[in-house]
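Chemist: The structure under discussion is supplied below as structure tokens; questions concerning it will follow.
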Amino acid sequence: MTGWKNWFGRKDFGRLSPEERLARVDAGALSVLRVLADAGHEAYLVGGCVRDLAMGLVPHDWDITTSARPEETAQALTAAGVRAVDGGGRRYGTVIAVRDGVNYEVTTFRREVYGADAHRPALVIFADTLREDLARRDFTVNAMALGADGVLHDEFGGMKDLAAKRLRTVGDAAERFQEDALRLFRACRFVGQLDFLADRSLVEGMEAAFPRVSGLSLERVKSEVERLLVTPHAARGLDLLVRSGLCGCSCRVRENGQDTAVAVLPELSHLVDLPQMKEFHRYDAWYHTLAVVEAAPAERIARWSALLHDVGKGMPGVRRVEGAKITDYNHDRVGAEMARTLLRRWRFPEKEVHLITWLVENHMKFHYFANVEEADVVKWVRHLAMHREFPSQAALIGAIREMTALAKADIIGCGRPLSATEGHETFGRCMVDVAASIPVTTGELHYDGRTIEALGPAAAEGMQNLLRRVQNGELENGPEPLYRAAVRFRKRHSHETA
Ligand code: ATP
Ligand code: MG
């Protein structure tokens with residue numbers, strides 16, 4: 001979802017005629033609404049799809065809310081020839097209508113009562129009115145409904161907030177966050193996803209719910225934070241996450257029947273207002289980090305490495321201030337250790353821990369190599385290949401591409417123009433070319449059956465020898481040179497072992 005799409009001018013959605021509004025609605029969703037209405041029930045599109053329509057965006061799914069009880073929903077759908085699948089009907093009131101292979105979630109109007117659980121309601125009660133159902137929803141822009149007649153139901157000022165690009169809770173923010181602490185993270189995510197500002201009342205209501213974060217599972221928190229991280233305006237949401245202090249809370253992970261507290265992202269707080277040398281940086285360390293995140297491709301690894309690339313800055317032992325001179329030597333290495341601890345705590349797969357940590361640890365080296373002509377790029381790549389920093393040539397090339405993207409984002413995040421990244425782009429491509437010529441495993445040697453035959457019983461050792469020599473640049477990686485080298489190796493080898 002990038003920016004506003006100008007189908008009909010978003011401001012005018014409220015003023016469009018009902019027919020014009022319905023013309024934007026998915027045909028399958030509309031037919032489900034009509035089936036329910038024809039059976040005598042109230043039914044509305046609700047939540048994210050109405051918000052997206054009002055913003056001139058194309059909704060990615062269509063949720064429906066209805067006065068029909070789940071069994072009535074299923075009955076009405078089936079009678080009209082629409083497949084109905086149970087989606088947790090008895091407990092949550094959801095029936096899934098399947099039309100032309102597309103799923104539409106149809107949920108009975110409901111109210112929720114919250115209790116001990118930090119996220120799930122203790123009680124779900126089916127309700128009689130649309131208003132009750134809208135009132136349980138998190139944010140005003142998510143609490144609008146559109147009927148099959150094209151009438152917009154906006155009981156909590158969603159359209160006004162949408163026009164002002166303002167995220168506001170339905171009802172008292174502190175209460176709503178305390179009911180379900182996941183909404184704290186959803187707030188950050190929507191601010192980034194929608195390019196909104198958090199209303200002051202929302203920000204002020206956050207802190208009271210922080211103790212409830214301890215009851216949220218890491219899985220849920222991670223899912224929201226990662227969704228936020230890849231949104232177009234991630235900086236806004238991350239800024240809210242960090243400045244509100246939410247990043248300093250702990251959630252929990254349940255493993256082997258035991259709960260462990262998992263700190264969210266306390267590593268980021270110290271970057272806020274951390275000064276940097278004006279000569280190289282337009283922003284403080286936190287704004288720089290946010291700018292790098294937004295300049296990085298909207299993908300998980302790229303955004304995580306951007307978020308963490310400078311976490312080592314300002315740390316004890318790293319920061320030195322001499323008069324007007326500020327330095328953070330070694331922030332890459334210290335930052336890599338901090339990133340490793342953080343990512344393991346977040347239960348990232350080891351492969352990703354390694355990749356992101358490597359990017360953080362080597363980003364300054366990449367800048368250095370890209371800027372200094374005498375730097376020996378072949379030597380660096382060879383070293384990476386020979387020491388198996390990555391398990392395959394493809395993985396190494398992938399890592400170099402990530403590094404190039406990070407370094408470019410880093411330059412843009414210093415307030416410099418895209419044109420200033422051209423040198424890095426060229427250097428990155430050159431590094432990829434070098435990596436493409438250096439195999440990491442014997443499987444990446446371009447040999448044929450003759451080589452294996454020639455090596456005979458010394459195949460394992462022989463292949464390792466050939467790999468080393470190709471990596472060293474002594475031997476070409478092709479069937480013919482490898483075969484000839486294998487014959488020579490076998491000869492030498494049989495002399496030695498004779
Ligand atoms: P997206 O575009 O990300 O799918 P969405 O608004 O559809 O946005 P969902 O998480 O799919 O978000 O939820 C659908 C709707 O359900 C929301 O618009 C909101 O009305 C309601 N909702 C979801 N989660 C919560 C929650 N934790 N508390 C209150 N209401 C919620
Ligand atoms: Mg949704």
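The values are calculated or read from the model by the stated rules, or taken from the named source; none is laboratory data. Computed from a predicted model, the values in this text were never measured in an experiment. Using ideal geometry, Cβ is built from the backbone for each residue, glycine included, and neighbour counts are taken over all protein chains shown. Calculation scope for accessible area: heavy atoms of the full protein, side chains included, ligands and nucleic acids excluded. Shrake-Rupley method; radii C 1.70, N 1.55, O 1.52, S 1.80 Å.
Chemist: Mean Kyte-Doolittle of at least -1.0 and a Cα length of 24 Å or more along the axis: which whole DSSP H helices of the chain meet both? The partial results should precede the final answer.
Modeler: Details: long enough: 350-371 (31 Å, -0.36); 393-412 (29 Å, 0.92); 479-497 (26 Å, -1.42).
Within the chain the helices that satisfy the rule are 350-371, 393-412.
Chemist: Under 29 Å between alpha carbons, and skipping anything fewer than 8 positions from residue 160 in its own chain: which lysines qualify?
Modeler: Here the lysines satisfying the reach criterion relative to residue 160 are 5, 11.
Chemist: If the cut-off is a Cα-Cα distance under 22 Å, which lysines reach residue 351, setting aside same-chain residues fewer than 8 apart in sequence?
Modeler: 222, 365
Chemist: Could you work out the mean projected area of the convex hull around the alpha carbons of the stretch 99-250, in square nanometres to one decimal? Don't jump to the answer; show the numbers that get you there.
Modeler: Working: hull surface 40.5 nm².
With the hull built on Cα positions only, its mean projection is 10.1 nm².
Chemist: How big is the dipole moment of the stretch 443-497 about its Cα centre under a simple scheme where the beta carbon of each Lys and Arg is +1, that of each Asp and Glu is -1, and everything else is neutral? Debye, nearest 20, please.
Modeler: Working: 8 positive and 8 negative charges, 47 e Å.
Its charge dipole is roughly 220 debye.
Chemist: Amide H of residue 262 versus every other amide H placed in the peptide plane: which residues, excluding those fewer than 5 positions away on the same chain, fall under 5 Å?
Modeler: 251, 252, 253
Chemist: Per residue, how much accessible area does the chain show when a 1.4 Å probe rolls over the protein heavy atoms, in square angstrom? Let's see the in-between values first.
Modeler: On the way: 22940 Å² over 498 residues.
For the chain, the per-residue accessible area is 46 Å².
Chemist: Which value results when the Cα radius of gyration for the stretch 171-264 is divided by 2.2 N^0.38 Å?
Modeler: Numbers: Rg = 12.8 Å, N = 94, 2.2 N^0.38 = 12.4 Å.
Relative to the 2.2 N^0.38 Å estimate, the stretch 171-264 comes out at 1.04.
Chemist: Then there is this: Going by amide H atoms built from the backbone, whose H comes under 5 Å of the H on residue 197, apart from near neighbours?
Modeler: 166, 167
Chemist: Which stretch or stretches of the stretch 434-470 have amide N atoms under 17 Å from the point lying 7 Å from residue 484's Cα along the Cα→Cβ direction?
Modeler: 446-448, 450-452, 454-455, 466-467, 469-470
Chemist: Just order 66-72, 219-225, 384-390 by mean Cβ neighbour count inside 10 Å, highest at the front, would you? Please report the intermediate quantities before stating the final value.
Modeler: On the way: 66-72: 20.1, 219-225: 18.4, 384-390: 16.7.
Peptide ranking by packing, descending: 66-72, 219-225, 384-390.
Chemist: Separate question: Quick one: pull the percentage of alpha-carbon pairs in the chain with a separation above 42 Å.
Modeler: Working: 45082 of 123753 pairs.
When every Cα pair of the chain is considered, 36 percent fall beyond 42 Å.
Chemist: Right, next: Can you list the lysines whose alpha carbon is less than 16 Å from that of residue 278, not counting same-chain residues fewer than 8 positions off?
Modeler: 313, 325
Chemist: Taking a quarter of the surface of the Cα convex hull of the stretch 4-164, what do you get in nm²?
Modeler: Values: hull surface 37.6 nm².
With the hull built on Cα positions only, its mean projection is 9.4 nm².
Chemist: So for the chain, averaging the separation of alpha carbon pairs under 8 Å that are six or more residues apart and normalising by length, what relative contact order in percent results? Let's see the in-between values first.
Modeler: Values: 875 pairs, mean separation 38.9, N = 498.
Relative contact order, the chain: 8 percent.
Chemist: Turning to a different aspect of this structure: What is the log10 of I(q)/I(0) for the stretch 443-497, computed with the Debye formula using one identical point scatterer on each Cα and no solvent, at q = 0.16, 0.23, 0.28 Å⁻¹?
Modeler: -0.38, -0.79, -1.16
Chemist: Starting with the highest mean, order 400-413, 144-157 by the number of other Cβ atoms within 10 Å, averaged over the residues of each peptide.
Modeler: Working: 400-413: 22.6, 144-157: 19.4.
Going from most to least packed, we get 400-413, 144-157.
Chemist: Next question. Of the listed peptides 256-266, 232-242, 200-210, what is their order by residue-averaged count of other C-beta atoms within 10 Å, with the highest listed first?
Modeler: Details: 256-266: 13.4, 232-242: 23.1, 200-210: 17.4.
Peptide ranking by packing, descending: 232-242, 200-210, 256-266.
Chemist: Tell me, what % of the accessible area of the stretch 83-190 is carbon and sulfur with a 1.4 angstrom probe?
Modeler: 46
Chemist: Here is a follow-up. Using a 1.4 Å probe over the heavy atoms of the protein chains, calculate the carbon and sulfur portion of the accessible area of the stretch 437-491 as a whole percent.
Modeler: Working: 1410 of 2770 Å².
Carbon plus sulfur share of accessible area: 51 percent.
Chemist: Shifting gears a bit: Kirkwood Rh over alpha-carbon pairs of the stretch 280-440, then Stokes-Einstein at 20 °C and 1.002 mPa s: what D in µm² s⁻¹, rounded to an integer? Spell out each step's value before the answer.
Modeler: Values: Rh = 16.1 Å.
So the translational diffusion coefficient is about 133 µm²/s.
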